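Worksheet for the structure shown next.
The values are calculated or read from the model by the stated rules, or taken from the named source; none is laboratory data. Given the structure is predicted, the values throughout are model-derived calculations rather than measurements. When we count neighbours, we look across all protein chains shown, and the Cβ atoms used for this are built from the backbone with ideal geometry, even at glycine.
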Amino acid sequence: YRAWFEKHTAGSRATAAEAAAYIPGGVQHNLALNEPWPLDVVRAEGPYLWDVDGNRYLDFLQAGGPTVLGSNYGPVREKVAELLAGCGPVTGMLHSSEVRLAKLIHDFMPAVSKFRMLGSGTEGVMAAVRVARAYTGRAHVIKVGGAYHGWSDQVVYGLRIPGTGSLEATGIPEGALRLTQEVAPGDLDGLRERLVANEETGGTAAVFVEPVGPESGTHLVRPDENARIRELCDEFGALLVFDEVVTAFRLGMGGAQGHFGVRPDLTVFGKCVAGGYPAAGGIGGGDEIMGVLEGGLTAVGKRAFVGGTLSANPLSCVAGYHALAEMDRTGAPAIAGRAGDRLCAGLAALIARYELPYVTYNIGSIVHLHTSGVLHLSLDDPDFFTELGPRTEMLGQMSMAFSAEGLITIAGSRLYTSMAHTDEVVDDALARFDRVFARV
Ligand code: PMP
């Protein structure tokens, strides 16, 4: 497969070679794994990407998840262009699109009566930690092991392994880690024990979960798990925070909270909330808790400070508002979900036909395809670090094989479908997966 890249991606190779001189590691983000070198993409539309050398790819990365309508969706782009011709991307003043976006989110999610737009999912999580601490007056935060909540000190995964030299613990002081504890996925007894233990030292401010399970369901949540975590939070007075950076509007307009029928105290947003445009993040909740972010400059007590120069910029809000309205009108989450079902069923049939030791399953438009073994890595496993190296290498190899067959995936192990992934597109993809699987 490397030979394919050598023959067909000379332009990308040249860009990547130059990037290595000016950008650490040669890439600004690493979602696609970029073996043997990153592709320089010049055009995106619906389910397709084109690189600088003119190769077309079926796109299941979908920018990492924000594009349930498909990439570069025309009607949203037109609204953004209108805005740019008017006030430009940002003024620092109020814009009606901020209000329309917040109101629309409230229509979809009754638990979110107030919404604060921020610049990324990571920022949303940081804000949620702060609001929860300010509101409850408590310091401890609990998260589920393996869950990804962005890269802030408080919640980056790998928490239990400071000093091991692991990527996720490097540069984070012990003090920052001490107030955040991890529990194993699905271990409700462990969660209770943790909540009880924290009572000794002031109690737990919040429990953070990815409502489909850690890492977008790499450890799949059990059907009643969110409801039981809700009960435990109520019992101990901790806020339940749903990190819906991936799931909000992708699982349905009501997000995972609508899907599971569980009402969180705080919801973290990212990705879809800016309709596939940059600066996508936010936090929402009920009036009382979100009241922590209110108050004039003289307010004292519980008021917490969050914000930023580009938070709630009109560009992100216009894109977010029109994308969400369009997703609601078209039923995009359900259409994307059916594409995910079709893709997953086809992949399962291929895995069975070639008797491969792979696993595939989907939660609507979030499709998992684990081809590299060692699926349920646990931080408690003494082999954690020895397993991780070969796994990453295998993921890189699979990712490269898929790309050479014209399939862009999320790090070779996950795929997002969108409304643009028609039956024809999915069947085309399956034919390409067939060619990879026949070779491996
Ligand atoms: N939470 C979850 C569940 C995520 O998947 C991500 C990003 N993939 C984040 C938070 C961080 O969001 P961002 O990359 O916008 O900072």
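Scanning region 174-181 turns up one or more residues that are buried (at least 18 other Cβ atoms within 10 Å of the Cβ) and within 16 Å of the ligand (Cβ to nearest atom). Reported count of residues in region 263-291, each being aliphatic (A, V, I, L, M) and either more than 14 Å from Gly121 (Cα to Cα) or out of contact with any helix residue (DSSP H, G or I) (no Cβ under 7 Å at 6 or more places or on another chain) (or both), is 2. Of all residues in region 256-275, those that are small (Gly, Ala, Ser), within 13 Å of the ligand (Cβ to nearest atom) and either more than 14 Å from the chain's Cα centre (by Cα) or more than 13 Å from Gly119 (Cα to Cα) (or both) total 1.
Going by the conditions given, is Val306 outside any helix (DSSP H, G or I) and touching a Phe, Trp or Tyr at 6+ places or on another chain (Cβ under 7 Å)? Please lay out each step first, then the result.
Details: outside any helix (DSSP H, G or I): yes; touching a Phe, Trp or Tyr at 6+ places or on another chain (Cβ under 7 Å): no.
Judged against the criteria, Val306 is not a match.
Which of the residues belonging to region 197-212 are touching a residue at least 40 places away in the same chain (Cβ under 8 Å), at negative phi and either within 16 Å of the ligand (Cβ to nearest atom) or surrounded by fewer than 17 Cβ atoms within 10 Å (Cβ to Cβ) (or both)? Show your work before the answer.
Here is the first cut: in region 197-212, the ones touching a residue at least 40 places away in the same chain (Cβ under 8 Å) are 198, 201-212.
With at negative phi added as a condition, the list becomes 198, 201, 204-212.
Across region 197-212, the qualifying residues are Thr201, Ala206, Val207, Phe208, Val209, Glu210, Pro211, Val212.
In region 47-80, what residues are more than 21 Å from the chain's Cα centre (by Cα) and either assigned to a loop (DSSP other than H, G, I, E, B) or under 23 Å from Ser12 (Cβ atoms) (or both)? Result: Trp50, Asp51, Val52, Asp53, Gly54, Asn55, Arg56, Tyr57. Filtering region 352-367 to residues that are surrounded by 18 or more Cβ atoms within 10 Å (Cβ to Cβ), outside any loop (DSSP other than H, G, I, E, B) and at pLDDT 95 or above leaves Asn362, Ile363, Ile366, Val367. Say whether the condition of being modelled with pLDDT of 95 or more, assigned to a loop (DSSP other than H, G, I, E, B) and over 30 Å from Thr309 (Cβ atoms) is met by at least one residue in region 272-281. No, region 272-281 contains no residue that is modelled with pLDDT of 95 or more, assigned to a loop (DSSP other than H, G, I, E, B) and over 30 Å from Thr309 (Cβ atoms). If you take the residues of region 96-119 that are part of a loop (DSSP other than H, G, I, E, B) and buried (at least 22 other Cβ atoms within 10 Å of the Cβ), which of them is nearest to the ligand (Cβ to nearest atom)? Going through the qualifying residues, I end up with Gly119.
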